[in-house]
Amino acid sequence: MNVHAVRSIYLQEMGRFFRTVTQSLIAPVLSTSLYFVVFGAAIGGRIQEVEGVSYGAFIVPGLIMLSVITQGISNASFGIYFPKFIGTIFEVLSAPVSFFEAVLGYVGAAASKSFIIGLIILITSWFFVDIRIAHPMAMLAFLVLTCTSFALLGFIIGIWAGNFEQLQLIPLLVITPLVFLGGSFYSISMLPGIWQTVALFNPVVYLISGFRWSFFGMADVPVAVSLLAVAAFTAICLGVVWWIFHTGWKLRR
């Protein structure tokens, strides 16, 4: 493996993250703090507990997933779209760098950024509510898998997008609604019977459910099913990325 190439791409993308720390780091933390104030105080005053967990603590895994998913997609999509936009992607394609090494550099950086944001939001949550993590290793595993899988999805979106508007189209119209309807701020057991069944068709439900289990030992769906869903989603994204580099779709035009 060309470690030098992977390292160069990775450090370049991480450098952009730290150069725009206000937009990349402070903004998500402030937004999450506002969610705590609005949902934790306003709604938490009406809903004291959910399955034995205080509502303020209950929404923490959902808020982390919301930020990690959106930031992972955003960082990865912009990270690959901008080189396409200015034409420097051809330097990467013509260099002795395999598709795996290029993806490892770009997706690894995007996943690292969203992972850092997720950890900072977790730390921020301790200023608002008392959080105890029942399964810390499982929590880290779910966080890493989610960061990686949605960074891969963002990478695909960045290659597909033909302009900056398309870059935001899928995250705004598809991903964000799925996250909000995926049990970020509630348990799907609180829904009427028919809507519980409908919710199970939302793939984000399995991510949030598994992640919430790592905190409180409670889940809307079996943990094994959540892990299988994350693994399947990651495998599909990897397959699509391989096909893109194998065919040159949207890269050599």
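The values are calculated or read from the model by the stated rules, or taken from the named source; none is laboratory data. None of these values were measured; they are calculated from a predicted model. Positions of Cβ are backbone-derived with ideal geometry, glycine not excepted, and every protein chain shown enters the neighbour counts.
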Checking residue 150 against (1) outside any helix (DSSP H, G or I); (2) modelled with pLDDT of 90 or more; (3) aromatic (Phe, Trp, Tyr): exactly one of these is not met. Which one?
(1)
Looking at (1) closer than 29 Å to residue 83 by Cα; (2) in contact (Cβ under 8 Å) with a residue 60 or more places away in the chain; (3) not aromatic (Phe, Trp, Tyr), which is the one condition that is false for residue 166?
(2)
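Any residue that is in a strand (DSSP E or B) and either among the polar types (S, T, N, Q) or buried (at least 16 other Cβ atoms within 10 Å of the Cβ) (or both) - is there at least one of those in region 54-64? First the steps, then the outcome.
Applying the first criterion (in a strand (DSSP E or B)) to region 54-64 yields 54.
After this cut, where a residue has to be either among the polar types (S, T, N, Q) or buried (at least 16 other Cβ atoms within 10 Å of the Cβ) (or both) as well, the list is 54.
The answer is yes; a qualifying residue exists.
Would you say residue 214 is touching a residue at least 24 places away in the same chain (Cβ under 8 Å), among the small types (Gly, Ala, Ser) and surrounded by fewer than 17 Cβ atoms within 10 Å (Cβ to Cβ)?
Details: touching a residue at least 24 places away in the same chain (Cβ under 8 Å): yes; among the small types (Gly, Ala, Ser): yes; surrounded by fewer than 17 Cβ atoms within 10 Å (Cβ to Cβ): no.
Taking the combined requirement at face value, the residue does not satisfy it.
Which residues, counting only those in region 220-253, are of a type in the set (Val, Ile, Thr) and closer than 25 Å to residue 93 by Cβ? Explain how you work it out, then say what you get.
Taking region 220-253 and keeping what is of a type in the set (Val, Ile, Thr), we get 221, 223, 225, 230, 234, 236, 240-241, 244, 247.
Result: 234, 236, 240, 241, 244, 247.
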Per the filter on region 219-248, residues in contact (Cβ under 8 Å) with a residue 40 or more places away in the chain and in contact with a Lys or Arg (Cβ under 8 Å, 6 or more places away or on another chain) are 244
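Going by what's in this entry, would residue 94 be described as within 20 Å of residue 246 (Cα to Cα), without any contact (Cβ under 8 Å) to a residue 60 or more places away in the chain and surrounded by fewer than 24 Cβ atoms within 10 Å (Cβ to Cβ)?
Yes, satisfied.
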Spans of helices (runs of 4 or more DSSP H) in region 154-239 with at least 1 residues modelled with pLDDT of 90 or more and among the aromatic types (Phe, Trp, Tyr)
203-216
Across region 124-147, what is the total count of residues that are surrounded by fewer than 24 Cβ atoms within 10 Å (Cβ to Cβ), at pLDDT 90 or above and either closer than 27 Å to residue 13 by Cβ or in contact with an Asp or Glu (Cβ under 9 Å, 6 or more places away or on another chain) (or both)?
6
Only unsatisfied item for residue 106, checking (1) under 18 Å from residue 145 (Cα atoms); (2) loosely packed, with under 14 Cβ neighbours inside 10 Å, is (2)
Are there any pairs with C-beta distances below 8 angstrom linking a residue in region 15-35 that is closer than 21 Å to residue 108 by Cβ to a residue that is surrounded by fewer than 16 Cβ atoms within 10 Å (Cβ to Cβ), with the two at least 6 apart or on different chains, and if so which?
24/18
